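Only one structure is covered here, and it is reproduced in the block below.
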Amino acid sequence: MIELGIIGGSGLKALAGFELLHQKEPSTPFGEASSPLSFGTFAGREVVFLARHGQPHHIPPHKVNYRANLWALRANGVSKVISINAVGGISGGMQPGRIVIPDQIIDYTSSRAHTFFDGDTAKVVHVDFSRPYDEGLRRILVDAVVGDGLDVRDGGTYGATQGPRLETAAEIQRMERDGCHIVGMTGMPEASLARELSLRYASIAVVANWAAGKLDEEISMAVIERNLADGMQLVQRLLMRAVPLL
Ligand code: HPA
């Protein structure tokens, strides 16, 4: 069974160096996953890859079927998930191009299917979510590139917004007061659904832009795409080092 799943986000629809063995269209009690599951090898290790926004990219963050994606991974033997998330940088040091391994989340999303325990089961379940990311996986991601010249920030609070629009400057100011360091649209409910399924889960966040109001100019999609392309090269390097250790 393949233990390790990688969920690719914006800018990472496929992994360079991934050797595809076979693909499977998973069916789940929660509907269709975003993409087929791609089983293969990467950095000498068997992994399964799923493209969060579909292949090609067509599913916006608020329409991703997070429940089907995580269910499909677990049903196929996955117990550890590394999620790749594009984010905006809010606080100092979170400049575009930076790689962050977040350790906390504040959830600002609304009306997404966010639980497997919807009240139609025999028992009411409340999972502990004090530490939303798996500390063991986080440590591996942070330590894998020590001495490799790759600047990975250990920790940070991920503010998850509903999207698909970007935030207002005032919303970002509020999020900064709340303690958010980065902002993205896909971190939740993915992380809490992973916890509900007892999957070990960590995120590699790639800062694509300064968040709204941080610069005196509009956020440009062209700039986001360019920064993401550069950031994903770093993610690839990080994964090459970390995957054999995960
Ligand atoms: N806000 C929300 N999500 C994002 C951003 C942002 O500025 N950049 C990349 N994903």
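The values are calculated or read from the model by the stated rules, or taken from the named source; none is laboratory data. For clarity, every value in this text was computed on a predicted model and none was experimentally measured. FYI the Cβ positions are ideal-geometry reconstructions off the backbone, even for glycines, and counts take in every protein chain you see.
Among the residues of the range 90-110, which ones are under 18 Å from Arg165 (Cβ atoms) and either free of Cβ contacts under 8 Å to residues at least 24 places away in the same chain or part of a strand (DSSP E or B) (or both)?
Listed by number, the list holds a single entry, Asp107.
Could you please find all residues in the range 84-104 being buried (at least 21 other Cβ atoms within 10 Å of the Cβ) and touching a Gly at 6+ places or on another chain (Cβ under 6 Å)?
Selection gives Ile84, Asn85, Ala86, Val87, Val100, Pro102.
Please determine whether any residue of the range 229-236 is away from the ligand (no atom under 16 Å from the Cβ), surrounded by fewer than 23 Cβ atoms within 10 Å (Cβ to Cβ), part of a loop (DSSP other than H, G, I, E, B) and not hydrophobic (A, V, I, L, M, F, W, C).
No, the range 229-236 contains no residue that is away from the ligand (no atom under 16 Å from the Cβ), surrounded by fewer than 23 Cβ atoms within 10 Å (Cβ to Cβ), part of a loop (DSSP other than H, G, I, E, B) and not hydrophobic (A, V, I, L, M, F, W, C).
What are the pairs, 6+ residues apart or on separate chains, where a residue within the range 203-225 that is free of Cβ contacts under 8 Å to residues at least 12 places away in the same chain and over 26 Å from Asp154 (Cβ atoms) has its Cβ under 7 Å from a residue that is of a type outside the set (Lys, Arg) and within 9 Å of the ligand (Cβ to nearest atom)?
none
Sort out which residues of the range 189-215 are under 19 Å from Phe117 (Cβ atoms) and small (Gly, Ala, Ser), and write them in order of number.
Ala191, Ser192, Ala194, Ser198 - these are the residues of the range 189-215 that are under 19 Å from Phe117 (Cβ atoms) and small (Gly, Ala, Ser).
Determine whether Ala170 is free of Cβ contacts under 8 Å to residues at least 60 places away in the same chain and either touching a helix residue (DSSP H, G or I) at 6+ places or on another chain (Cβ under 6 Å) or surrounded by fewer than 19 Cβ atoms within 10 Å (Cβ to Cβ) (or both).
yes
Looking at Val142, Val81, Val124 in this structure, which one is surrounded by 17 or more Cβ atoms within 10 Å (Cβ to Cβ) and either within 16 Å of the ligand (Cβ to nearest atom) or over 30 Å from Leu215 (Cα atoms) (or both)?
Checking each option against the conditions leaves just Val81.
Give just the number: which of (1) in a loop (DSSP other than H, G, I, E, B); (2) within 15 Å of the ligand (Cβ to nearest atom) does Leu150 not satisfy?
(2)
Among the residues of the range 204-213, which ones are farther than 19 Å from Val142 by Cα and within 9 Å of the ligand (Cβ to nearest atom)?
Scanning the range 204-213 gives Ala208, Asn209, Trp210, Ala211, Ala212.
Just to be sure before I move on: is Gly54 touching an Asp or Glu at 6+ places or on another chain (Cβ under 7 Å) and surrounded by fewer than 23 Cβ atoms within 10 Å (Cβ to Cβ) in the structure I sent?
No, not satisfied.
Can you give me the number of residues within the range 189-203 that are on the phi < 0 side of the Ramachandran plot, surrounded by fewer than 24 Cβ atoms within 10 Å (Cβ to Cβ) and either outside any helix (DSSP H, G or I) or within 14 Å of the ligand (Cβ to nearest atom) (or both)?
Residues flagged as on the phi < 0 side of the Ramachandran plot, surrounded by fewer than 24 Cβ atoms within 10 Å (Cβ to Cβ) and either outside any helix (DSSP H, G or I) or within 14 Å of the ligand (Cβ to nearest atom) (or both) within the range 189-203 amount to 4.
May I ask you to verify whether Ala51 is more than 16 Å from the ligand (Cβ to nearest atom) and of a type outside the set (S, T, N, Q)?
Yes: the conditions hold for Ala51.
Just to verify a result, which residue in the range 171-188, among those that are within 14 Å of the ligand (Cβ to nearest atom) and of a type in the set (Gly, Ala, Ser), is nearest to Asp134 (Cα to Cα)?
For the range 171-188, the residue satisfying everything is Gly187.
Conditions: (1) touching a Pro at 6+ places or on another chain (Cβ under 9 Å); (2) crowded, with 16+ Cβ neighbours inside 10 Å; (3) modelled with pLDDT of 95 or more. Lys63 meets all but one. Number of the miss?
(2)
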